[in-house]
Structure formats: structure tokens, C-alpha cells
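Working notes, beginning with the structure itself.
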Amino acid sequence: MTKTIGFLKETAKGEQRVALVPETVQKILDVGWQVLMEPDAGEMAGFPNSAYPEMMQLAKRREDVLHGADVLVGVHALDAADVAELRDDAVVIGMVSPYTNQQRFVDAAAKGKTVFSMELIPRTTRAQAMDVLSSQASVAGYKAVLLAATEAPRFFPMLTTAAGTIRPASVLVIGAGVAGLQAMATAKRLGANVTGYDVRPETIEQVKSLGAKFLDLGVEAVGEGGYARALTDEEKQQQQDNLKKHLSSVDVLITTAAVPGRPAPRIITADMVKQMKPGSVIVDLGAEGGGNCEPTEAGVNKVVDGVRVIGPENLSATVALHASEMYARNVWNLLSLMNNEGEFELNWEDDILAGCAVTRGGEVVHPAVKDALEAHQGGES
Ligand code: NAD
């Protein structure tokens, strides 16, 4: 039977992206599956209804998509009211935030839904084309620098003019993962003097290959799967003591440090912000996870001790067209694993599908989500 892939207009605050763009809808139609879209789903991302293939079905109302979809694809995609309207055996695919409010998955499983989390796709070479953490982080890294450049009371490049010579801005990027490296590359393109810092030694070469300097603070913290681990209290102190000396020469600080499944590591204290030059700017990409900087508040742009501190939320949504295109390609590559010569099939032998399934057969199956649920239940008893 022909499967119907549905997608909706996103409802989360500030969300402008769409899960499927015209190019990916066409690819799904070419497989022989049907696509059902809520009217204006792509409008905020720059894709009006008329940009989508005519062969696709444009629903009349949101409910029609929810009732008609065998597979619901979303940017976020786990709104309880939406899930309640879906067919019992529906499949849900999206960035479902597996580390928060795990009760949602218990409820979805109880209603027979199979939920795939785009965030939990294993970060293996085969899964790179589906890696939304990378695609969306790279958008956020780029936009963080533009935000800083807009707010900074100075130029980024060196300028030689009749009114004198302007020195280039000095930009420090903490965290040289996907977002951090993109931020360094973007700041370099704007002509700034760029320095990068990370606790994983393999990033030294990556930072230098962008033409940026590497700041060595003498702390190494490699954890599992090539990620950073949380620092010990002594390491944190050493990092802060050494970083303090450098901060007084920084005009723009972009922080992107993260440890998977944990709150953002607190690297910059309020005291350290006081030592920065008046007029300097901090963009803290860790804001939603509690902030890499003590004064950061998610969603707030404020001045603290003469320093502008910006804690953006959902930054990749603000570059909605390209972020949607990248996200939709990631989703399409995952959907391709569910295509067996035109038949929609969930092959549980596939390590990518098995690795990103949160619920299956009425149960929560992902170990990280199960652990969080058990810890929560343990806390209640
Ligand atoms: P992330 O968003 O989890 O973290 C961002 C950066 O913060 C990381 O580089 C981390 O080392 C750094 N960090 C953490 N704590 C810190 C601290 N206290 N001080 C300074 N820096 C700190 O990471 P990410 O960008 O998603 O990816 C990081 C790693 O994953 C890289 O090794 C990357 O190459 C790898 N990766 C692999 C694949 C793949 O194979 N498919 C895809 C993407 C990324």
C-alpha cells in the first residue's frame, strides 16, 4: 500500500524551518510514496505552497495531515496534541529532544507510535549524510558570528582609510566542534584575528587549517566516541585561570562548548566577564543548555559590566531556507533507509534505524531515554 509522508507547519516559538523542502518532496514522490503537507508549512522558510510539486497533496487543514499520514516528519514533531491525532501505528521522525521530558515518549509508545530521533542518529561515517547535529550546528556557528558582528561596536576586518587605520577585531571561539569551526571560518572570512580553543587535542590541526591560532590552556579532556568529557574541578580551575589572562585582549567571544547529554559546561564566570574590555561582545551558543558563560540568559541580549552578552535560542531557525534544505536532506537520507524498492520497511537490523529509535512496538527502547526515565522514577519514589 502506498505510504503517505506528512509534514506540518512548525509551531514552536521562533521556528521558521520546515521539515521537507520541494526538492526532497520530489524525491519521496519518485519512490512512489505520497506526500501530504499542511498549507503554508514552508512559507516562513521561503517555500510557498506553489514551490512544491503539484503531484503532492496539499491538505485543507492540519488535522487532515495528522489523520492521513503514515509517517509524520517534523523539525520538532512531538507535540502531544498532534500525536493524539495520529494513526495508532504511525511513525514519527524529527528532532524530538530526547534528553528532555521523556514522559512524552512513554505516552507516544502507549499509543503505538514508533518515534525516531534525528538527534540520536549514530555519528558514524555511514550516517554522516543524516547528521542533523552537524548540519544545524554549522548554521548556528555561522549565524553566531554575524550576530556578533552586528552587535559589536567595531569592524571585524583591518581597514586602512584616510581617517586612520583600524585594527582587526580579535575573536576567540571556545569549542572547536562543528559550530565552533564554522564560527572560526566565518570570522576569518570577515577579516578578524581568530583564535580557537577546545579540550580535544585533535582540534589543534582543525583550528590551524582554518588559518586561526590555537589557544593552549593545558587542559585535555577526551571522552567517549571522540567527544569531550566533563572537566574535573581542578581542570576547570586551571582552564579558567589560564583563560582569564587571554580574555582582556578579546573583542568578541563565541562559546560553543558542549558535552552530549549534559548541561553546557560553565567556562566563563561573571568575574571573568568583568575583566573583558567594555564594548566587547559574547555570543553564547550554549545558552539553551544553561550557558557556557555565567551571565547568559537564554533568549536575552543584555549588557553586563559593559560587555554585551547574547544567549540566542534556536539560532539555526533564523537561517531558515538553507537550514531547512540541509535538514530535509538529512531526513530524506534517513527515509531512504526505510525504502525497500518502493515498500516502506523498518529494517531493525540496520544500526542507524535501531540506533535512533526512541520507541518501538509500544515500548521506549533507546537506552539513553530509558535511563533518564528510570532515574526520574527513582527520584520520585
Ligand atoms: P559538541 O556540540 O558536543 O561540542 C562542541 C565542542 O565543545 C566540542 O568540540 C567539544 O570538544 C568542546 N568542549 C566540550 N567541553 C569543553 C570545555 N570544557 N572547554 C572547551 N571545549 C569544550 O560537538 P560536535 O560539534 O557535535 O562534535 C564534536 C565531535 O564529533 C568532533 O570530534 C566531530 O568531528 C565529531 N563528529 C563526528 C561526526 C561523524 O562521524 N558522523 C559528525 C559530526 C561530528
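The values are calculated or read from the model by the stated rules, or taken from the named source; none is laboratory data. Source: prediction; values computed, not measured. Glycine also receives a Cβ, built like all others from the backbone with ideal geometry; neighbour counts cover every protein chain displayed. Heavy atoms of the whole protein, side chains included, go into the accessibility calculation; ligands, DNA and RNA do not. Shrake-Rupley method; radii C 1.70, N 1.55, O 1.52, S 1.80 Å.
So that you can scan it fast, the table gives a plain yes or no per residue for (1) near the ligand (Cβ under 9 Å from one of its atoms); (2) assigned by TED's automatic domain parsing to the domain that holds Glu235; (3) within 17 Å of Thr255 (Cα to Cα):
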| site | (1), (2), (3) |
| --- | --- |
| Thr160 | no, yes, no |
| Ala176 | yes, yes, yes |
| Ala179 | yes, yes, yes |
| Met184 | no, yes, yes |
| Arg189 | no, yes, no |
| Thr195 | no, yes, yes |
| Thr203 | yes, yes, yes |
| Gly218 | no, yes, no |
query: When you scan the stretch 187-215, how many residues do you find that are part of a strand (DSSP E or B) and surrounded by fewer than 18 Cβ atoms within 10 Å (Cβ to Cβ)?
result: 2
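When the residues of the stretch 13-33 are filtered to those that are open to solvent by 40 Å² or more (accessible area, probe 1.4 Å) and in contact with a helix residue (DSSP H, G or I) (Cβ under 9 Å, 6 or more places away or on another chain), which remaining residue is farthest from Arg329 (Cα to Cα)?
Restricting to residues being open to solvent by 40 Å² or more (accessible area, probe 1.4 Å) and in contact with a helix residue (DSSP H, G or I) (Cβ under 9 Å, 6 or more places away or on another chain), the top hit is Gly14.
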Selection count where residues are under 14 Å from Leu321 (Cα atoms), touching a residue at least 40 places away in the same chain (Cβ under 8 Å) and in a loop (DSSP other than H, G, I, E, B), scope the stretch 35-70: 3
- prompt: Filtering the stretch 356-368 down to residues that are assigned to a helix (DSSP H, G or I) and modelled with pLDDT of 90 or more, which residue is farthest from Met95 (Cα to Cα)?
  reply: Pro367
task: Go through the stretch 245-259 and count every residue that is more than 8 Å from the ligand (Cβ to nearest atom) and either free of Cβ contacts under 8 Å to residues at least 24 places away in the same chain or under 14 Å from Thr296 (Cβ atoms) (or both).
output: 4
message: Every residue in the stretch 104-140 that is more than 16 Å from the ligand (Cβ to nearest atom), without any contact (Cβ under 8 Å) to a residue 60 or more places away in the chain and assigned to a loop (DSSP other than H, G, I, E, B), please.
response: Lys111
- line: Given the conditions (1) surrounded by 15 or more Cβ atoms within 10 Å (Cβ to Cβ); (2) modelled with pLDDT of 95 or more; (3) not acidic (Asp, Glu), every one holds for Tyr227 apart from (2)
message: So for the stretch 289-308 (the condition being among the aliphatic types (A, V, I, L, M), within 16 Å of the ligand (Cβ to nearest atom) and closer than 20 Å to Ala179 by Cβ), does at least one residue qualify?
response: no
field: Asp233 vs. criteria open to solvent by 50 Å² or more (accessible area, probe 1.4 Å), assigned by TED's automatic domain parsing to the domain that holds Ala183, over 23 Å from Ile282 (Cβ atoms) and more than 10 Å from the ligand (Cβ to nearest atom)
entry: yes
query: In the stretch 87-103, what count of residues is obtained for those that are away from the ligand (no atom under 16 Å from the Cβ), in a loop (DSSP other than H, G, I, E, B), closer than 24 Å to Gly290 by Cα and at pLDDT 95 or above?
result: 1
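What number of residues in the stretch 216-233 are β-branched (Val, Ile, Thr) and in a loop (DSSP other than H, G, I, E, B)?
The qualifying residues number 2.
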Number of the condition not met by Ala144 [criteria: (1) free of Cβ contacts under 8 Å to residues at least 24 places away in the same chain; (2) within 16 Å of the ligand (Cβ to nearest atom); (3) of a type outside the set (Phe, Trp, Tyr)]: (1)
- line: Of the residues in the stretch 303-332, those that are open to solvent by less than 50 Å² (accessible area, probe 1.4 Å) and not in a loop (DSSP other than H, G, I, E, B) number 17
